[in-house]
């Protein structure tokens, strides 16, 4: 279980998340929603340990281990992966990135590459000139290549067509089926239409994360009443 | 140096060549200090009538070739040694012709002249290694290349010097109608100073040259590179690419120029530098055209590794050193696809080693 307890996050000295309490269970897909600029991405980045996203208060516990003070690479090596909403263009050939990840985590992703239709991107610099859908698929695949215990997915369904949403949903569900605990940030909620194994639903509003029952219940509540609910 | 020492030093020089991916024992020439200590011509080269001679032999037996095809004006009496490679017309040689220059004796000054000739429609692949086993000395070289009509040449040159070594080299290539030169150069060393001048003379119609330069500058070394492509043949084209990784307090000056004087010519310059330390890098791409019908472009950049890239790789489990190494490997290896197939594994391995911090 990945537990975030009373987390406050600061960026450039400014408090962007006042208090976050959430739990991600292995084999389930939990969902985090919130309006634009509410701090969802900052929260995920702080959990992943990215420099610049300072944890002012609170703890992060992964399967009983306190990882709050660990550098990001140690968190990743222990099984915490994040799919970035906008991965940066890397000076690294995609094939080399996958090779390194497969070596490091003992994963095999060759077949999935073909299934996701990204074979043609392997000899290009990672995320250089990729379409929105290609970026999302490749990013999810890098997460899968890490064979993580927990995956934090930042808007995997934004800016992609419905066909891609279906493909990405299949990957996310297969992660959960294999025992990975998944936390998905979603804006439109498209991805929820294609996902099983849904877990808890959270809403981040005005700096505070609150639990709203199941993921579907939380989504329906937002649709009906908005974030203020 | 006594006889025993010579044998040991030669073996050490051959071993170093092997580490650089050049298997001299299969055929090739090793110059140690002032002269050749090993010169093996493979059966395949003999069979195809290829001339592969040391400069001493060439002056005695092939002076006509030296006179006819030389591109530079060099007083050969001031040169200690070198090689002549002559591939007859319509002859395709796929195995690399390998030559190594090593400095072994402290304070030695090595002065060499090389001439590579591929006659009409001939193909040749050459690999050259230049390195030092001592910490003090100098290497001076002039290399001429003549590519006849429709000829193709692929070359790789690897420099692996040591601190205290001064290097001055010049290369001139004359490229005739529809001929193509692909040249790959890697410097992975920290000499005291290196000065390099490359001039590509694209005189033939539709002649073409691609040049890739990778420099891993480090220490307190000084590197001066000047590359010029002169597009005087109608429809001729050149692409000059360089990637410099500058570490430590190295100083690098990189001047690249393309001059177009004939219609239908195309040229592209790309010089990129990655700064990892307090090194000083200057890069100067220059395009000159005296014809209305030329298409010349350039891109240049100097920068450090972006924080975004590092942060991304951190979240994939790479620490700062590993992430930097992965990015440097990608940066230097961007042109690997252009390296001719027989030489690609060598270049790939060197880049792999350099990305981890040096050879």
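The values are calculated or read from the model by the stated rules, or taken from the named source; none is laboratory data. The structure displayed is predicted, hence computed values, not measured ones. Using ideal geometry, Cβ is built from the backbone for each residue, glycine included, and neighbour counts are taken over all protein chains shown.
Annotations for the structure displayed:
- Single condition residue A:54 does not satisfy, out of (1) more than 8 Å from chain B (Cβ to nearest Cβ); (2) farther than 28 Å from residue A:159 by Cα; (3) assigned to a helix (DSSP H, G or I): (3)
- Taken over segment A:104-141, the criterion of being in contact with a strand residue (DSSP E or B) (Cβ under 9 Å, 6 or more places away or on another chain) and within 14 Å of chain B (Cβ to nearest Cβ) is satisfied by A:122, A:123, A:124, A:125, A:126, A:139, A:140.
- Residues that are assigned to a helix (DSSP H, G or I) and out of contact with any strand residue (DSSP E or B) (no Cβ under 9 Å at 6 or more places or on another chain), drawn from segment A:169-186: A:169, A:170, A:171, A:174, A:177
- The single condition from (1) within 30 Å of residue A:107 (Cβ to Cβ); (2) in the same structural domain as residue B:350 (by TED's automatic domain parsing) that residue B:338 fails is (1).
- Odd one out for residue A:101, checked against (1) away from chain B (no Cβ under 12 Å); (2) part of a helix (DSSP H, G or I); (3) crowded, with 22+ Cβ neighbours inside 10 Å: (1)
- Restricting A:211, A:163 to those that are more than 14 Å from every other protein chain (Cβ to nearest Cβ), in contact with a strand residue (DSSP E or B) (Cβ under 7 Å, 6 or more places away or on another chain) and either surrounded by fewer than 15 Cβ atoms within 10 Å (Cβ to Cβ) or more than 21 Å from residue A:81 (Cα to Cα) (or both) reduces the list to A:211.
- Of the listed requirements (1) modelled with pLDDT under 90; (2) surrounded by 23 or more Cβ atoms within 10 Å (Cβ to Cβ), residue A:152 misses just one: (1).
To keep it simple, each residue is scored yes or no on (1) more than 13 Å from the chain's Cα centre (by Cα); (2) part of a loop (DSSP other than H, G, I, E, B); (3) under 21 Å from residue A:47 (Cβ atoms).
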{"position": "A:158", "(1), (2), (3)": "no, yes, yes"}
{"position": "A:167", "(1), (2), (3)": "yes, no, no"}
{"position": "A:188", "(1), (2), (3)": "yes, yes, no"}
{"position": "A:210", "(1), (2), (3)": "yes, no, yes"}
{"position": "A:213", "(1), (2), (3)": "yes, no, no"}
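- Taken over segment A:76-91, the residue count meeting the criterion of being under 24 Å from residue A:158 (Cβ atoms) and either within 7 Å of chain B (Cβ to nearest Cβ) or not in a loop (DSSP other than H, G, I, E, B) (or both) is 9.
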